[in-house]
Amino acid sequence: MADFPVLYSFRRCPYAMRARLALAYSQTQVELREIVLRNKPQAMLDVSPKGTVPVLVLPDGRVLEESFDIMRWALRQNDPQDWLLNSEPELQWDIQGLIQENDFVFKQHLDRYKYFDRHPERPQSYYRDECMVSLAKLEARLAANQGYLVLPRMSLADMAIVPFVRQFAHVDRDWFYTNDYPHLQAWVKGFCESDLFKQVMPKFATWQESDSSLIF
Ligand SMILES: N[C@@H](CCC(=O)N[C@@H](CS)C(=O)NCC(=O)O)C(=O)O
């Protein structure tokens, strides 16, 4: 299947999810290889020894091994609603800043909140409060931009970050949907109910080296 890019992915991983969202939105077809993190295929490690998903292998042999790079690559192929904000270049730094905070600050706290039993030095509520520092900033942005993060319309930032906030919401749904963050709740709910989200979340069978291709 040399003509299609190959995407190594793990269904529930929020990084892989954001890559699949951008690929689906841009209508870029790929050969999807669903992996198990505990048993990564050698074919993936051969092209990307760091061993994280997502990884996108392009037909010309280039390897993209950061989810944000995969998103940007996909949107450069086709971006019908200008998620890249090419029409507002001064806001592109804003997107970068939001994603940096998400990936390097919020994600650390999210992991501790989700797997609090592995971090017994503090109660779970402490890790949740740490998450809320980042989430309060998102709530303010969503309130100011009619339900979106950067402009009153969808952008790359929304799609790159909402899979992580969904994960946060699902740690304790009752708490999330009864807290004082109505815009955050509506944003996550709208995402979970969207056709695009459903499109990237079917149950993929795990890829075996001998498998025929699954085009996504
Ligand atoms: N900076 C990477 C992070 C990707 C990442 O950490 N993915 C996790 C899964 S959610 C992973 O593959 N972890 C390796 C492992 O658990 O063995 C990106 O943006 O693609």
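The values are calculated or read from the model by the stated rules, or taken from the named source; none is laboratory data. Not measured: the values here are computed from a predicted model. Note that each Cβ is placed from the backbone with ideal geometry, even for glycine, and that neighbours are counted across all protein chains shown. Areas reflect the complete protein model, heavy atoms only, side chains present, ligands, DNA and RNA absent. Shrake-Rupley method; radii C 1.70, N 1.55, O 1.52, S 1.80 Å.
Note down the relative contact order for the stretch 40-91 as a percent, whole number, built from C-alpha pairs under 8 angstrom at least six residues apart.
20
Leaving out ligands and nucleic acids, note down the accessible area per residue over the stretch 93-137 with a 1.4 angstrom probe, in whole Å².
60
Lys137: which lysines have alpha carbons under 16 Å from its alpha carbon, excluding same-chain residues fewer than 8 sequence positions away?
The qualifying lysines are Lys107.
Take the solvent-accessible surface of the protein heavy atoms, probe 1.4 Å, and return the percent of it on the chain that carbon and sulfur atoms account for.
After summing per-atom areas, the C and S share lands at 50 percent.
Using Cα springs under 10 Å in a Gaussian network model of the chain, which residue among Pro152, Pro49, Pro163 shows the largest mean-square fluctuation?
Checking each option, the largest mean-square fluctuation is seen for Pro49.
Relative to a virtual label point 7 Å from the Cα of Ala143 in the Cα→beta-carbon direction, which members of the stretch 158-189 show backbone nitrogen distances below 13 Å?
It comes to 180-185, nothing else.
Counting only C-alpha contacts under 8 Å and six or more residues apart, can you give the relative contact order of the chain as a whole percent?
After rounding, I find 26 percent.
Mind giving me the FRET efficiency for Ser87 and Val133? R0 is 35 Å, r the Cβ-Cβ distance, nearest 0.05 is fine.
About 0.65, to the nearest 0.05.
Residues of the stretch 6-80: accessible area per residue at 1.4 Å, in Å²?
With the other protein chains kept in place, the stretch 6-80 gives 42 Å² per residue.
Asp69 versus Ala43, label points 7 Å from Cα toward the beta carbon: distance in nm?
Those two pseudo-labels are separated by 2.1 nm.
Express in nm, to one decimal, how much length is gained between Asp195 and Gln29 on full extension, taking 0.36 nm for each residue of separation and deducting their alpha carbon distance.
58.1 nm
In the stretch 65-150, which GluC sites (Glu not before Pro) are in a loop and have at most 10 other Cβ atoms within 10 Å, using DSSP for the loop call?
Counting only loop positions with at most 10 other Cβ atoms within 10 Å, the GluC sites (Glu not before Pro) in the stretch 65-150 are Glu121.
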